[in-house]
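Q: I have a structure I would like to understand better, so I am pasting it below and will then ask my questions one at a time.
The values are calculated or read from the model by the stated rules, or taken from the named source; none is laboratory data. Since we're looking at a predicted model, the values are computed, not measured. Counting neighbours? That spans all protein chains shown, and the Cβs are built from the backbone with ideal geometry, glycine included. Ligands, DNA and RNA are excluded from the accessible area calculation, which covers all protein heavy atoms including side chains. Shrake-Rupley method; radii C 1.70, N 1.55, O 1.52, S 1.80 Å.
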Amino acid sequence: MRRAFSDSLLKLATADDSVIFLTGDLGFGVFDDFIAAFPKRYINVGVAEAHLVDCAAGLALEGWRPIVYSIASFMTGRAYEQIRVSVGYHKLPVMIVGAGGGYLYGDSGVTHHAKEDLGLMALVAGMTVVAPGDPNEVEHLLPQLSTLGGPSYIRIGRFGEPRFEAPAPINVGQARMLRDGKRIGIVTTGTVVIQALAAVDQLATEGIHPVLCHFHTVHPIQVDALDHLLSRVDSIVVVEEHGLQGGLGAAVAYRCVQSGRLPHIVRLGPGDDLVLGNPKQEELRQELGFDAHGIANTCRRLWDSRSA
């Protein structure tokens with residue numbers, strides 16, 4: 001995913017002279033091609049995320065299209081006031097990139113955990129918030145975000161995430177129907193979609209066929225796609241690597257209340273507690289039950305209970 005981001009960034013800058021990239025002392029070796037091609041459009045402000053965002057806001061006011069990059073927990077937490085006031089208040093076209101959202105840096109400890117990043121960014125007025133599921137989505141969504149008239153946030157992963165193929169188009173603001181089915185609807189955002197795909201493929205061999213709908217755009221969420229799904233299923237399984245507040249699960253629950261459709265909702269993902277120690281992301285997903293095995297087991301229980 002990070003390689004897809006750096007390659008797409010280089011293409012954007014080649015096509016648009018107003019694209020300028022700022023980093024908070026991160027990405028060494030990742031952006032060498034960009035630096036070689038556009039040394040005057042690369043700014044390393046050092047370990048100073050608030051300054052990073054204020055620099056980007058000033059550049060945007062002068063007609064540039066800044067893209068700022070740091071670890072997700074630092075990018076959204078340390079610089080939240082600057083994002084809200086300097087960027088959000090002025091509705092500036094600044095793209096904010098959070099590397100390692102969720103528990104990708106789980107083994108680096110609480111300081112590097114970013115289970116609140118999507119919710120924090122969704123609170124900023126006019127912010128578009130996306131969490132791609134694979135490198136394909138990064139490559140398609142990044143150029144679209146770069147043309148928006150206001151701010152955006154994109155959560156990206158590491159190197160080596162698998163790609164998945166699906167006929168559903170990849171457009172900002174539009175959900176993707178990845179698997180058709182009945183009775184149970186699985187909704188995902190971010191890289192946990194890979195876990196959900198593995199679960200659905202396993203369930204298909206057992207005669208269980210849930211719908212899988214992927215919302216790479218968390219805010220604003222595509223309401224009509226969610227309403228269509230709610231009209232077709234009895235149960236919803238939300239899978240997200242995010243806290244309880246402000247993420248996909250909260251958006252789904254809010255829409256259910258608004259629409260008057262109240263299916264049985266199960267949310268799989270982290271809770272409110274901080275994760276102490278240095279567990280790996282895969283270990284956390286397994287422990288908290290939102291890996292492929294946990295998703296499949298949840299769907300089996302729902303399928304059996306509805307059948308009964």
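Q: Which sequence of Glu165, Glu81, Glu240, Glu139 reflects their accessible areas, 1.4 Å probe, from the largest down?
A: Glu165, Glu81, Glu139, Glu240
Q: I would also like to ask the following. If a paramagnetic tag sat 7 Å from the Cα of Ala37 along the Cα-Cβ line, which residues of the stretch 54-69 would have the backbone N under 20 Å from that point?
A: 64-69
Q: Now for a separate question. If packing is taken as the average number of other Cβ atoms within 10 Å across a peptide's residues, how do 286-294, 64-72 rank, most packed first?
A: Highest mean packing first, the order is 64-72, 286-294.
Q: For the stretch 96-112, take each phi angle, set θ = phi - 60°, evaluate the Karplus expression 6.51 cos²θ - 1.76 cosθ + 1.60, and give the result in whole Hz per residue in order, putting x for glycine and proline.
A: 9, 10, x, 8, x, x, x, 10, 4, 9, x, 7, 9, x, 4, 4, 9
Q: Another question about this same structure. Heavy-atom accessible area of Ile194 with all protein chains present, probe 1.4 Å, nearest 10 Å²?
A: 40
Q: Multiply the residue separation of Lys91 and Glu282 by 0.36 nm, subtract the distance between their alpha-carbon atoms, and state the gained length in nm to one decimal.
A: Value of the extension gain: 65.0 nm.
Q: Follow-up. Looking at this model, which pairs from Lys91/Lys115; Lys40/Lys115; Lys40/Lys91 are more than 32 angstrom apart at the alpha-carbon? Walk me through the numbers on the way to the answer.
A: Details: Lys91/Lys115 25 Å; Lys40/Lys115 34 Å; Lys40/Lys91 25 Å.
From Lys91/Lys115; Lys40/Lys115; Lys40/Lys91, over 32 Å: Lys40/Lys115.
Q: Ok, one more. Between Phe28 and Asp201, with labels modelled 7 Å along Cα→Cβ, what's the label distance in nm to one decimal, could you check?
A: A separation of 3.8 nm, rounded to one decimal place.
Q: State whether the stretch 176-307 is rounded, prolate or oblate according to the following rule on the C-alpha gyration tensor (a ≥ b ≥ c being the square roots of its eigenvalues): a/c under 1.5 gives rounded; otherwise a/b larger than b/c gives prolate, and the remaining case gives oblate.
A: In terms of gyration-tensor shape, oblate.
Q: Between the stretch 64-109 and the stretch 196-269, what is the C-alpha centre distance in whole Å?
A: So the two Cα centres are separated by 26 Å.
Q: With a 1.4 Å probe and all protein chains kept in place, how do Lys280, Lys115 rank by accessible area, largest first?
A: On the way: Lys280 100, Lys115 15 Å².
Putting Lys280, Lys115 in descending order of accessible area: Lys280, Lys115.
Q: Report the gain in length on full extension from His228 to Asp180: 0.36 nm times residue separation, minus Cα-Cα distance, nm rounded to one decimal.
A: 16.0 nm is the gain from fully extending His228 to Asp180.
Q: Most mobile of Gly207, Gly58, Gly150 per a Gaussian network model of the chain (Cα springs, under 10 Å)?
A: Per the Cα network of the chain with a 10 Å cutoff, Gly207 tops the list.
Q: With charges set only on the Cβ (+1 for Lys and Arg, -1 for Asp and Glu), what does the dipole of the stretch 219-308 come to about its Cα centre, in debye to the nearest 20?
A: The calculated dipole for the stretch 219-308 is roughly 360 debye.
Q: Additional query: Identify, among Asn136, Phe31, Leu284, the residue whose Cα sits farthest towards the positive end of the charge dipole of the chain, taking +1 on the Cβ of Lys and Arg and -1 on the Cβ of Asp and Glu, with the dipole about the Cα centre.
A: Ranked along the dipole, the leading option is Asn136.
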